[in-house]
Amino acid sequence: MVACTTNITAALYALGGLFTQVNASWDGCDALRLTNSAKTFVPGQPVYDYEVENFWSNHQIMAPACVFRPTSAEDVAAALLVNEVTSTEFAVRGGGHMGIRGANSIDGGPLLVMSNLTTLELADDHKTVWVGPGLDWGEVYSYLGQFGLGTTGGRLSPVGVPGLLLGGGISFHGNQHGWAADNVVEYEIVLYTGQVVKVTKDVRADLFWALKGGSNNFGIVTGFRLKTFPSGDVYAGVYSVTDIPALLEAIANYSAFNTDPLSHMVPQVVAVDEQTTVGAVILYYDSNEDAEPECFRPFWDLPNVGNTFSKTTLSRFADETGQLVVPGINDMFIAGTTVGKTYDSLLKGIQVSWEAFEAELPKLFAILPAADRQLISMDWQPLGDLWLAGSQKANPAGNALGFEPEEKGTYLAWAEVVEWRGEEHSEAVYDWIKTTTWKIGNATQEAGVYDAFHYMGDAAGFQEIYDGYGAANKHKLLSVSRKYDPLRLLQRLWPGGFKLGL
Ligand SMILES: Cc1cc2nc3c(=O)[nH]c(=O)nc-3n(C[C@H](O)[C@H](O)[C@H](O)COP(=O)(O)OP(=O)(O)OC[C@H]3O[C@@H](n4cnc5c(N)ncnc54)[C@H](O)[C@@H]3O)c2cc1C
Ligand SMILES: *[C@@H]1O[C@H](CO)[C@@H](O)[C@H](O)[C@H]1NC(C)=O
Ligand SMILES: *[C@@H]1O[C@H](CO)[C@@H](O)[C@H](O)[C@H]1NC(C)=O
Ligand SMILES: *[C@@H]1O[C@H](CO)[C@@H](O)[C@H](O)[C@H]1NC(C)=O
């Protein structure tokens, strides 16, 4: 290990002597303070206190030794090299919405926050926009909205830009444009060498492919150039129902039969208490001309207890769904997938996963008093032929996700959502989550509808992501990461998140 570290240090010094002033016996925070004190913050300083708590879920909050807040790609490069030269483990945070402890913060090392990388720059032809990794989707949509434009991003405003684009990206527009990642036409990324380079379908094509699903294994992305599209008024809202068996059928129906690429929906069943379950379906229709789109007929046919479907905009609606995010509590998402080629097999996947989840709820209610429950629910995201067609059209170069509905049938990427108050419940809740998730996995396997795909954006830390992309893609991701990080520094010194391994 010592010899190895020395070699790395020597290699990095040899990169141009940029950091010859850094003493290898310092740690990363010492070196950052001494080389860039204006952007390095330590405990007790307001910026440190603000940034270390700026996460989606309480359980993500850790105790970094310092916060580094770069304002340019060059600052990012300098910080990366400083950590490499001093062999310091560090963490990187964009919007902080990956709700996994240690994925985006760290105890005792530097936390690099993207907060001040907030470029928003529309191209002259209005066809693309440069977006910085410090932005959230609400900021992106409200900027583009002034020009009558939109882009593929998160469905809730507070979600961060970089994590979503690097993990795939499920947007309201996926049935037209595929994964959000498919709509990134250029990346600016800081490689382990400290070089700030451009990545497009023609320049570093292997990296272009790998960044679409391969997360934080290749470098720190300092800019994304995203395609835009015209976006004015749309119809969107939440349709709420109480007949859960009928709702599960409607979800299967839409998943099996929808052919309208303008539509998107997120159906969720919320377990309110021991007696009450409510269905809430987010519906989005990318047109200002249809107040009751036919593709949503399976839902319209259900009696509702609430319906806010009405004319709005992408920006307004994402702000509205963003209200669902409650600060200062514990939140977890857990992911899985069922697949099916027919209505019956899709319905089976939804029913079996819901029943396995529902059967465990009494145990959760027993450990979590009603007053400490914020949201307990399950949702199912259909991803099928339209999604694939959108993906291939937006990005003929392909992505790393291994998404194969033509072979496997429509995916129903499900997510459990568990949100609670009070640290004292956390250990018991984590145990419940693991057991329940295995039970869902086993039940869907026995029913013959299981798939190993786990959407990264919804996955828990104990879940495996890259196996679900298929063996060939996993292998290719690993070889691309070895090519761009031959010393494996980004694996060893940046441990958080979904890493490919050495
Ligand atoms: C309430 C909520 C709603 C959501 N809605 C959606 C949705 O509609 N669609 C969807 O697809 N997903 C959704 N997600 C999932 C979301 O896409 C992921 O949580 C994603 O990681 C968030 O991005 P972030 O920048 O906030 O993540 P962060 O937590 O900041 O980062 C995630 C990972 O990426 C790494 N990283 C951060 N910045 C960089 C960078 N510049 N370069 C390289 N690596 C970096 C981090 O180290 C970390 O490992 C939602 C999540 C939440 C909590
Ligand atoms: C950096 O980001 C913080 C937090 O969003 C903000 O308050 C501050 O004004 C920003 N500073 C610069 C230089 O952009
Ligand atoms: C799907 O929904 C439509 C519209 O409600 C309905 O006419 C049709 O019978 C449903 N199909 C199945 C298989 O449930
Ligand atoms: C099935 O359950 C076992 C634990 O009982 C677990 O280890 C395994 O991962 C589960 N399978 C799936 C697909 O979740």
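Where a number appears in this text, it was derived from the coordinates with a stated rule and is not lab data. All values reported here derive from a predicted model rather than from experimental measurement. When we count neighbours, we look across all protein chains shown, and the Cβ atoms used for this are built from the backbone with ideal geometry, even at glycine.
Taking each pair of different alpha-carbon atoms in the stretch 120-230 once, compute 1/r for the pair, average those values, and report the inverse of that mean as the Kirkwood hydrodynamic radius in Å to one decimal.
After inverting the pairwise mean of 1/r, the radius is 13.8 Å.
Hey, if you put +1 on the Cβ of every Lys and Arg and -1 on every Asp and Glu Cβ in the chain, which of Thr152, Trp414, Ile367 ends up farthest toward the positive end of that dipole?
Selected residue: Thr152.
Counting pairwise Cα distances across the stretch 50-175, what percent come out greater than 22 angstrom?
Considering the stretch 50-175, 39 percent of its Cα-Cα pairs are separated by more than 22 Å.
Using +1 at the Cβ of each Lys and Arg and -1 at the Cβ of each Asp and Glu in the stretch 233-471, identify which of Val278, Ile376, Pro298 lies farthest towards the dipole's positive end.
Of the candidates, Pro298 comes out farthest on the positive side.
Pulled fully out, how much extra length does the chain show between Leu120 and Asp273, if you take 0.36 nm times their separation in residues and subtract their Cα-Cα distance?
Fully extending the segment from Leu120 to Asp273 adds 50.7 nm.
In debye, nearest 20, what is the charge dipole magnitude of the stretch 120-230 about its Cα centre with +1 on Lys and Arg Cβ and -1 on Asp and Glu Cβ, if you could check?
Its charge dipole is roughly 220 debye.
Does anything in the stretch 441-475 have its amide N under 19 Å from the 7 Å Cα→Cβ label point of Val325, and if so which residues?
456-461, by backbone N distance to the label point.
Mind jotting down the three principal axis lengths of the stretch 238-309 based on Cα atoms? Whole angstrom, largest first.
Rounded to whole Å, the extents work out to 40, 24, 17 Å.
Using +1 on the beta carbon of Lys and Arg, -1 on that of Asp and Glu, and nothing else charged, what's the dipole of the chain about the Cα centre, debye to 20?
1560
With a sphere of radius 13 Å drawn around the Cβ of Asn330, what net charge do the other residues whose Cβ falls strictly inside it have (Lys, Arg +1; Asp, Glu -1)?
Net charge around Asn330: -3.
For a quick check: sort Glu320, Glu84 by the number of other beta carbons within 10 angstrom, fewest at the front.
Ascending number of Cβ neighbours within 10 Å: Glu320, Glu84.
Taking the alpha-carbon centroid of each part, what is the distance from the stretch 287-321 to the stretch 181-222 in angstrom?
36
In vacuo Debye scattering of the stretch 462-502, one point per C-alpha: log10 I(q)/I(0) at q = 0.19, 0.35 Å⁻¹?
Ignoring solvent entirely, the Cα scatterers give -0.56, -1.18.
For a footprinting-style exposure proxy, rank Met62, Met378 by other Cβ within 10 Å, fewest first.
Least crowded to most crowded, the residues run Met62, Met378.
So, with +1 on the Cβ of K and R and -1 on the Cβ of D and E, and no other charges, what is the size of the charge dipole of the stretch 261-416 about its Cα centre, to the nearest 20 debye?
In total the dipole reaches around 180 debye.
How large is the helix-only mean residue ellipticity at 222 nm for the chain, computed as the sum of -39500 (n - 2.57) over DSSP H runs with n ≥ 4, divided by its residue count, in deg cm²/dmol to the nearest 500?
Rounded to the nearest 500, the figure is -10000 deg cm²/dmol.
Quick check: net charge around Pro396, other residues with Cβ under 15 Å of its Cβ, Lys/Arg +1 and Asp/Glu -1?
Combined, the nearby Lys, Arg, Asp and Glu give +2.
Run through all the Cα pairs of the stretch 195-354 and give the fraction in each 10 Å bin from 0, expressed as whole percent.
That works out to 8, 28, 30, 24, 9, 1, in percent per bin.
Taking neighbour counts of Cβ atoms within 10 Å as a proxy for exposure, in what order, fewest first, do Ile220, Ile329 appear?
Placing the least packed residue first, the sequence is Ile329, Ile220.
Report P(r) for the stretch 64-112: all Cα-Cα distances, bin width 10 Å, range 0 to the bin holding the largest distance, values in whole percent.
Spelled out bin by bin, the stretch 64-112 gives 26, 56, 17 percent.
So how long is each side of the chain along the principal axes, counting just the alpha-carbon atoms, biggest first, in Å?
Reported extents, whole Å, longest axis first: 70, 55, 43.
Among Leu487, Thr436, Gly501, which residue has its Cα furthest toward the positive end of the charge dipole of the stretch 418-502, with +1 on Lys/Arg Cβ and -1 on Asp/Glu Cβ?
Leu487
Take every Cα-Cα pair in the stretch 233-471 and report what % of them are more than 32 Å apart.
So the pairs more than 32 Å apart make up 19 percent of the total in the stretch 233-471.
Using per-residue counts of other Cβ atoms within 10 Å, averaged over each peptide, order 250-258, 367-375, 180-188, 284-292 from highest down.
My ranking of the peptides, most packed first, is 180-188, 250-258, 284-292, 367-375.
For the stretch 341-436, what Kirkwood radius comes out of the mean inverse Cα-Cα distance, in Å?
Result for the stretch 341-436, one decimal place: 15.8 Å.
For the stretch 348-502, what is the Kirkwood hydrodynamic radius in Å, using each pair of distinct C-alpha atoms?
17.8
Using only alpha carbon pairs under 8 Å that are at least six residues apart, calculate the relative contact order of the chain and give it in whole percent.
16
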